[in-house]
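Some notes on the structure that comes next.
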Amino acid sequence: MKRFVSFAALAAAALAQFEATDFNVTEALLDNGIDCNSLKVLFGDDQVETRSETAYSSWLNSLWSGQQRLIAPECVFKPEKPLDISTAILIARLTECPFAAKSGGHSSVPGGSNIAGGISISFVEKMNAISVSSDKKTVSFQPGNTWLNIYTRAAKDGLAVNGGRVASVGVGGLLLGGGISYTGGINGMSCDNIISYELVTASGLVINVDQNKYADLYWALRGGGNNFGIVTKFTVEAFPLGPTMWGGMRTYTQGAFSALIDAYYNLGMNAPQDGKAHQILSFSFRAPNVQLANVELEYAEPNANASILAEYNAIGGALRDQTAVRSLAELTTLLDGPASGTGLRQGFWTWTMKLDKEMATVAKDIFFEEVTSISDAADLVPAFSLQVLSTPILEKTAKRGGNALGLTAADGPLINALVALKWSNPADDTRMWRFAQKVKDRSFAAATAKGKAHPYVYMNYASPWQDPVASYGSTNKARLISISKKYDPTSVFERLQPGYFKLTRAAYSGSP
Ligand SMILES: Cc1cc2nc3c(=O)[nH]c(=O)nc-3n(C[C@H](O)[C@H](O)[C@H](O)COP(=O)(O)OP(=O)(O)OC[C@H]3O[C@@H](n4cnc5c(N)ncnc54)[C@H](O)[C@@H]3O)c2cc1C
């Protein structure tokens, strides 16, 4: 209802009472037509893109997954400062308009960082500052950054931080869900190296959160995902690195699989001896029946012959060997090539097992057995990867009061398993997801039968139907919910920002 009234009505009202005692400003604003499009009026064309604008379509194409690109927000909002985000959250609350936030846009969850008919908040354009502290102990950055930006800037001061391994991945999602890093053996998960957060809360307050101020929120933000507010600045521990280190990918055929799994297991078990080494062992398939293994190896010094890598280095016959001495930034750029497949449809499914040779082999075999059922899908790129949450990584989950992930050194060492799929035809969606789920279900059942299964679900690799927060354990889940009730009593981040993994549910209900 528009609030134009006739002079006669006004005059009559003036005789009685011009403004009712229960006059509701909120309702009046809504009657005047305030809605999420009002951001355009408040912030102008430069900060708000709507459907007819080219910048809106280009923004959609900046999302990593094809499914996320097809979601049409009402507008894309590009804040310049924390107060802009505060205003957007309050307008979203006023108008009950849903919103999403995008950092690097690499979520594999459709709707994880873009929202149909709502406000998609994007940091990349105007909130991408980075600074190194004068004592060179910390790096602070806004959520519009990718890891390539951070590593490039930190390297100018001879520093690095414990972040992602692929250049174009964003800082926001990775840090809020955990973070597996090349240097995890030295520093732990990325979230365990965060000193402080600048956070916009549900009530639009901008607060600084660290181990002493809002200590409960500080704990919750380390693994709690997008459920506690919008982070507008991360300050993380820095450490000297470089200018170069060693690493890259080697590719092998089937004959090397068994030796690779042995080397994977031994490097994982030996991690306490030398935390500078890093590995990802992946298996890939190409129709009709090409099976390959790719091993991504790194060492946090320019040393190709570290003794901890001797077993891997002794495996001959690589089809391709890209390992070399490089900067951290170059390594992340190299890994972006095969990893991105930007714009294709994407699906992740993850699970956790005790580090065990037999379990790694069984899961790899199940992946190859099942993959033939989807091998006719157009543009299919199927991969199964094995990483290790080693004892040194798990020990550091206790840093600064611990995190929300529910992991301790006593749990480990652990296999982090991931099925990652790319495909192009929406008609294949269901069978792709079901394939990934089946590989996980069969592998997890085999691990359970041998007492080797572990409940942890890594949020950053989870499928939309998995529930990472439940996997942190009932005590941590209850603690997260109670912290959320304290700082966000009306559940703004659960109700109005429904995408991604919530405290009480998976991103999607049921199963694919
Ligand atoms: C190619 C590729 C490589 C990867 N490499 C690694 C790796 O090396 N290590 C690893 O651990 N993981 C890795 N991942 C997984 C990665 O951590 C997740 O995909 C992560 O969500 C990506 O973060 P993003 O900021 O790019 O994603 P986005 O899609 O922008 O965000 C993911 C979620 O985080 C929320 N979010 C983002 N920023 C903020 C913020 N500032 N405040 C509040 N919420 C926010 C979003 O709303 C969304 O729900 C990789 C993924 C891909 C696709």
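On the given criteria, is Tyr182 in contact with a His (Cβ under 6 Å, 6 or more places away or on another chain) and among the aromatic types (Phe, Trp, Tyr)?
Working: in contact with a His (Cβ under 6 Å, 6 or more places away or on another chain): yes; among the aromatic types (Phe, Trp, Tyr): yes.
Considered against the rule, which asks whether it is in contact with a His (Cβ under 6 Å, 6 or more places away or on another chain) and among the aromatic types (Phe, Trp, Tyr), Tyr182 comes out as yes.
Quick one: count up the residues across the stretch 157-178 that are of a type in the set (S, T, N, Q) and either within 6 Å of the ligand (Cβ to nearest atom) or surrounded by fewer than 24 Cβ atoms within 10 Å (Cβ to Cβ) (or both). Can you show your working first?
Kept after step one, since they are of a type in the set (S, T, N, Q), are these residues of the stretch 157-178: 162, 168.
Still in the running and either within 6 Å of the ligand (Cβ to nearest atom) or surrounded by fewer than 24 Cβ atoms within 10 Å (Cβ to Cβ) (or both): 168.
Looking only at that region, the number is 1.
Among the helices (runs of 4 or more DSSP H) contained in the stretch 20-83, which hold 1 or more residues that are under 30 Å from Gly347 (Cβ atoms)? Outline the logic, then answer.
Working: elements: 25-31, 38-43, 54-60, 66-69.
In the stretch 20-83, 54-60, 66-69 are the helices (runs of 4 or more DSSP H) which contain 1 or more residues that are under 30 Å from Gly347 (Cβ atoms).
Looking only at residues in the stretch 209-244 that are touching a strand residue (DSSP E or B) at 6+ places or on another chain (Cβ under 6 Å), within 13 Å of the ligand (Cβ to nearest atom) and among the aliphatic types (A, V, I, L, M), which one is farthest from Phe99 (Cα to Cα)?
Val209
For Pro73, are the conditions met, namely being over 12 Å from Leu496 (Cα atoms), within 12 Å of the ligand (Cβ to nearest atom) and crowded, with 21+ Cβ neighbours inside 10 Å?
On the way: over 12 Å from Leu496 (Cα atoms): yes; within 12 Å of the ligand (Cβ to nearest atom): no; crowded, with 21+ Cβ neighbours inside 10 Å: yes.
The answer is no for Pro73.
Mind checking which residues of the stretch 322-347 are open to solvent by 30 Å² or more (accessible area, probe 1.4 Å), modelled with pLDDT of 95 or more and hydrophobic (A, V, I, L, M, F, W, C)?
Ala324, Val325
Hey, among Asp192, Asp135, which residue is more than 18 Å from Glu298 (Cβ to Cβ) and surrounded by fewer than 24 Cβ atoms within 10 Å (Cβ to Cβ)? Spell out how you get there, then give the answer.
Details: Asp192 fails: surrounded by fewer than 24 Cβ atoms within 10 Å (Cβ to Cβ).
Result of the check over Asp192, Asp135: Asp135.
Being modelled with pLDDT under 95 and more than 17 Å from Arg165 (Cβ to Cβ) narrows it down to one of Ala314, Ala287, Ala310, Ala293, so name that one. Lay out the reasoning, then the answer.
Numbers: Ala314 fails: modelled with pLDDT under 95; Ala310 fails: modelled with pLDDT under 95; Ala293 fails: modelled with pLDDT under 95.
Result: Ala287 is the single residue among Ala314, Ala287, Ala310, Ala293 that is modelled with pLDDT under 95 and more than 17 Å from Arg165 (Cβ to Cβ).
Only one of these is under 30 Å from Gln466 (Cα atoms) and either open to solvent by 30 Å² or more (accessible area, probe 1.4 Å) or in contact (Cβ under 8 Å) with a residue 40 or more places away in the chain (or both): Leu297, Leu309, Leu319. Name it. Break it down into steps so the answer makes sense when it comes.
Values: Leu309 fails: under 30 Å from Gln466 (Cα atoms); Leu319 fails: under 30 Å from Gln466 (Cα atoms).
Just a single option satisfies the conditions, and that option is Leu297.
Within the stretch 404-432, count every residue that is open to solvent by less than 20 Å² (accessible area, probe 1.4 Å), under 22 Å from the mean Cα position of the chain (by Cα) and not aromatic (Phe, Trp, Tyr).
The number of residues fulfilling the criteria is 11.
Restrict the check to the stretch 214-229 and report whether at least one residue is among the acidic types (Asp, Glu), surrounded by fewer than 19 Cβ atoms within 10 Å (Cβ to Cβ) and in the same structural domain as Glu198 (by TED's automatic domain parsing).
Yes, the stretch 214-229 has at least one match.
Touching a residue at least 60 places away in the same chain (Cβ under 8 Å) and either open to solvent by less than 30 Å² (accessible area, probe 1.4 Å) or out of contact with any Ser or Thr (no Cβ under 8 Å at 6 or more places or on another chain) (or both): which single residue out of Glu96, Glu80, Glu125 fits that description?
Working: Glu80 fails: touching a residue at least 60 places away in the same chain (Cβ under 8 Å); Glu125 fails: touching a residue at least 60 places away in the same chain (Cβ under 8 Å).
Result of the check over Glu96, Glu80, Glu125: Glu96.
Tally up the residues in the stretch 146-156 that are buried (at least 20 other Cβ atoms within 10 Å of the Cβ) and either among the charged types (D, E, K, R) or near the ligand (Cβ under 9 Å from one of its atoms) (or both), please.
Looking only at that region, the number is 2.
Which ones in the stretch 195-213 are exposed (fewer than 15 other Cβ atoms within 10 Å of the Cβ) and not aliphatic (A, V, I, L, M)?
Within the stretch 195-213, Asn208, Gln211, Asn212, Lys213 qualify.
The values are calculated or read from the model by the stated rules, or taken from the named source; none is laboratory data. In this text the structure is predicted, and so the values were computed from the model without any measurement. With ideal geometry, Cβ positions are generated from the backbone for all residues, glycine too; neighbour counts draw on all protein chains shown. The protein model used for the area step is the full one, side chains on, heavy atoms only, and it has no ligands, DNA or RNA in it. Shrake-Rupley method; radii C 1.70, N 1.55, O 1.52, S 1.80 Å.
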